[in-house]
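Here's the structure we're looking at; comments come further down.
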Amino acid sequence: MNIGIVGTGMIIQNAGKAIKAQPGLSIAAIVSRPHSKERARALAEQFEIPKIYTDYKAFLEDPQVEAVYIGIINSEHYSYAKRAILSGKHVIAEKPFTARLEEARELAGLAQDHQVLLLEAIHFRYHPWLKAAEEGLGEIGRIRLVECSYSKISSRYQEYKKGNVLPVFDPALGGGALYDIGVYCVHFADAVLGERYGIPKVQYEANRGFNGVDTSGVLLLKYPDTLAVCTCGKDSDGVCQASVQGEEGNLVVDGFPRPRKVILRRHGEAETVLWENDRRDENPLEKEFEAFASLLAENNRKQAEIQMEKSLRVMAVLDAAYYGNTGSM
Ligand SMILES: NC(=O)c1ccc[n+]([C@@H]2O[C@H](COP(=O)([O-])OP(=O)(O)OC[C@H]3O[C@@H](n4cnc5c(N)ncnc54)[C@H](OP(=O)(O)O)[C@@H]3O)[C@@H](O)[C@H]2O)c1
């Protein structure tokens, strides 16, 4: 299947390598805005991409572009994905899936109507460590608490402190700690509890910068029978870890969301390592593109829709936390 890449920013390095690593995928074209054509040209050379476009319409009209990877700023995922779906292309769009819940719902409906696959590029949802952790959940009894922490100082934070607001620190462009990085924690809480309980009630408290953006924050998720706490920061160096506490033991994801180990501890028993990373140099996007390639090869819309349900629950949480909407709670 031939993929077209949208974007020329930082993530395209990993995305380009991950796509190239899939035997079932090749890159047919890249599109940038006109002022970024030189960056597109450099990426085309690096990844041996045969065509460069600076016009999205022309890119979508190219029959060799069968699926589209959207790797641009968060607020633009929706409009670019919508136009791609309406052109009959399969779509994988970066996290956070969209800026608003309504946009996500509309895209999901359009993908069904137009019979194309639509996925959020959220890498660990497709990674074996999550499967190992999910299997371990059955060993710890009734789950009472989930904690998930992911903070790291953004490479754009120094610029922000100087007053130069790049998109990841601009709430109007879908930036901020919750959308940009907390989304991983919300996906983890959803992986543990979402299937059983649906969308939780939410409360978000944030440290805010001079433009009102959340530079870090704490999100409380109240599921009917269980609580989850997500902490995320782009202004601080945190401990990156997730844990699930049950009545009969706990499960720890050491190094979330790219763990070193997933550890199970049952009361009175020696700990068990459920999964261990033996590839520290792994490209984090590899597994999601592997999953996308296999869904495309099988035209497995049903499985893509199952994944989309998860993304919609996560978007409902983000939207409610940031904008105070009640979503579909
Ligand atoms: N999965 C992961 O591990 C991971 C990691 C990092 C980022 N991401 C996601 O990847 C996406 C891009 O992040 P990044 O770090 O690569 O950002 P970046 O380096 O700032 O690049 C931003 C990209 O968005 C484009 N853009 C900006 N404004 C636009 C507009 N109004 N319309 C269309 N395109 C526009 C830029 O194009 P111009 O050059 O034309 O301005 C550029 O190609 C984000 O959604 C982010 O959340 C994912």
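The values are calculated or read from the model by the stated rules, or taken from the named source; none is laboratory data. For clarity, every value in this text was computed on a predicted model and none was experimentally measured. Because the Cβ atoms are built from the backbone with ideal geometry, glycine has one as well, and the counts that use them run over all protein chains shown. These accessible areas exclude ligands, DNA and RNA; they are computed on the full protein's heavy atoms, side chains included. Shrake-Rupley method; radii C 1.70, N 1.55, O 1.52, S 1.80 Å.
The residue pairs whose first member lies in the stretch 54-79 and is over 18 Å from Ile3 (Cβ atoms), whose second member is away from the ligand (no atom under 13 Å from the Cβ) and open to solvent by less than 20 Å² (accessible area, probe 1.4 Å), and whose beta carbons are closer than 7 Å, counting only pairs six or more residues apart or on different chains, are Tyr78/Leu107. Of all residues in the stretch 152-165, those that are β-branched (Val, Ile, Thr) have Cβ atoms under 6 Å from Cβ atoms of residues that are open to solvent by 50 Å² or more (accessible area, probe 1.4 Å), 6 or more apart or on another chain, in Ile153/Asp237; Val165/Asn211. When the residues of the stretch 107-127 are filtered to those that are part of a helix (DSSP H, G or I) and within 12 Å of the ligand (Cβ to nearest atom), the one that is farthest from the chain's Cα centre (by Cα) is Tyr126.
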